[in-house]
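For reference, the structure discussed in these notes is given below.
The values are calculated or read from the model by the stated rules, or taken from the named source; none is laboratory data. What you are looking at is a predicted structure, and each value in this text was computed from that prediction instead of being measured. Every residue, glycine as well, gets a Cβ built from its backbone with ideal geometry; the counts of neighbours run over all protein chains shown.
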Amino acid sequence: MQRYFVSNEQFFNNQQIAIVGDDYHHIVRVMRMREGEEIVCCNENGQAALCKITKITNDEVIANIIEWVEEQTELPINVYIAQGLPKGDKLELVIQKGTELGAFSFIPFLAARSVVKWDAKKGDRKIERWNKIAKEAAEQSQRTRIPTISQPMSMNELIEFSSSIDYKIIAYEEEAKKGERANLTSVLNAIKPGQSLLAVFGPEGGFSEKEAAILLENGFISCGLGPRILRTETAPLYLLAAVSYQLELM
């Protein structure tokens with residue numbers, strides 16, 4: 001069943017929903033839905049409602065709420081993925097697949113070895129595209145929340161942000177080379193439902209020694225992600241899959 005994320009302002013008296021914009025276009029032009037068909041609508045609070053389309057006008061779809069549905073599709077912890085800006089469309093891949101795997105939020109950050117430099121003039125357009133990718137991936141994977149995507153942070157801003165997080169790890173390839181995997185296991189064994197995890201990943205060239213030292217000095221735990229060296233766009237997906245296995249499947 002098709003799923004749409006709508007703002008709380010589009011709900012009327014918890015009985016009706018007005019769907020406009022791109023979602024209207026998708027319902028009417030792409031899916032060619034008709035009055036009487038059912039969809040699922042999620043609000044900004046992570047609540048899902050089964051709805052029936054009752055009216056289609058030239059610019060909006062009106063749907064009546066049939067019932068609120070209890071769903072458990074979110075990870076039991078909030079996982080923040082901080083990604084050193086990579087080249088090309090790699091971050092788009094991380095956002096799309098990371099959303100499917102349950103990430104709570106994505107934080108691009110300006111790493112010392114990032115080849116790509118952030119262009120503030122084009123930044124809003126990029127973030128708008130990333131948000132669209134996250135929304136579509138959340139709809140496809142039947143989630144009840146869309147991950148947030150922040151403006152790119154500096155290392156200092158990332159460290160300041162991390163003060164509110166329960167567990168903080170740095171995916172450091174030097175740990176993988178040494179065969180150190182116990183740290184990640186310890187974190188995943190210790191973390192409890194409702195807590196938060198911030199995982200930081202370097203760009204293609206990895207972290208500089210200075211960056212790694214700063215993160216470790218500020219309470220981050222250095223973790224290897226298995227015995228192999230992973231690409232920058234693969235590492236966050238490995239981490240999210242490990243979280244899901246430990247906290248959802250075990």
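Do we find a residue being assigned by TED's automatic domain parsing to the domain that holds Glu160, part of a strand (DSSP E or B), touching a helix residue (DSSP H, G or I) at 6+ places or on another chain (Cβ under 9 Å) and surrounded by 13 or more Cβ atoms within 10 Å (Cβ to Cβ) anywhere in the stretch 98-106? Break it down stepwise before answering.
As a first pass, look at the stretch 98-106 and keep what is assigned by TED's automatic domain parsing to the domain that holds Glu160: 98-106.
With the extra rule that they be part of a strand (DSSP E or B), the set shrinks to 105-106.
Next, only the ones that are touching a helix residue (DSSP H, G or I) at 6+ places or on another chain (Cβ under 9 Å) stay: 106.
Within this subset, residues satisfying the condition of being surrounded by 13 or more Cβ atoms within 10 Å (Cβ to Cβ) are 106.
For the stretch 98-106, residues assigned by TED's automatic domain parsing to the domain that holds Glu160, part of a strand (DSSP E or B), touching a helix residue (DSSP H, G or I) at 6+ places or on another chain (Cβ under 9 Å) and surrounded by 13 or more Cβ atoms within 10 Å (Cβ to Cβ): present.
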Which of the residues that make up the stretch 131-150 are farther than 13 Å from Thr73 by Cβ, aliphatic (A, V, I, L, M) and part of a helix (DSSP H, G or I)? Ile133, Ala134
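For the stretch 25-43, what are the residues that are farther than 22 Å from Val69 by Cα and of a type outside the set (A, V, I, L, M, F, W, C)?
The answer is His25, His26, Arg29, Arg32, Arg34.
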Among the residues in the stretch 200-219, are any touching a Gly at 6+ places or on another chain (Cβ under 8 Å) and more than 19 Å from Ser154 (Cα to Cα)? no
Taking the stretch 126-146, which residues are closer than 18 Å to Leu85 by Cα and either in contact (Cβ under 8 Å) with a residue 12 or more places away in the chain or surrounded by 15 or more Cβ atoms within 10 Å (Cβ to Cβ) (or both)? Lys126, Ile127, Arg129, Trp130, Asn131, Ile133, Ala134
Among the candidates Glu9, Glu38, residue that is surrounded by fewer than 16 Cβ atoms within 10 Å (Cβ to Cβ), outside the structural domain of Arg129 (by TED's automatic domain parsing) and within 24 Å of the chain's Cα centre (by Cα): Glu9
So which residues in the stretch 75-110 are of a type in the set (A, V, I, L, M, F, W, C) and closer than 18 Å to Ser164 by Cα, if there are any at all? Ile77, Val79, Ile81, Ala82, Ala103, Phe104, Phe106, Ile107, Phe109
Can you pull out every residue in the stretch 41-81 that is within 28 Å of the chain's Cα centre (by Cα) and charged (D, E, K, R)? Glu44, Glu67, Glu70, Glu71, Glu74
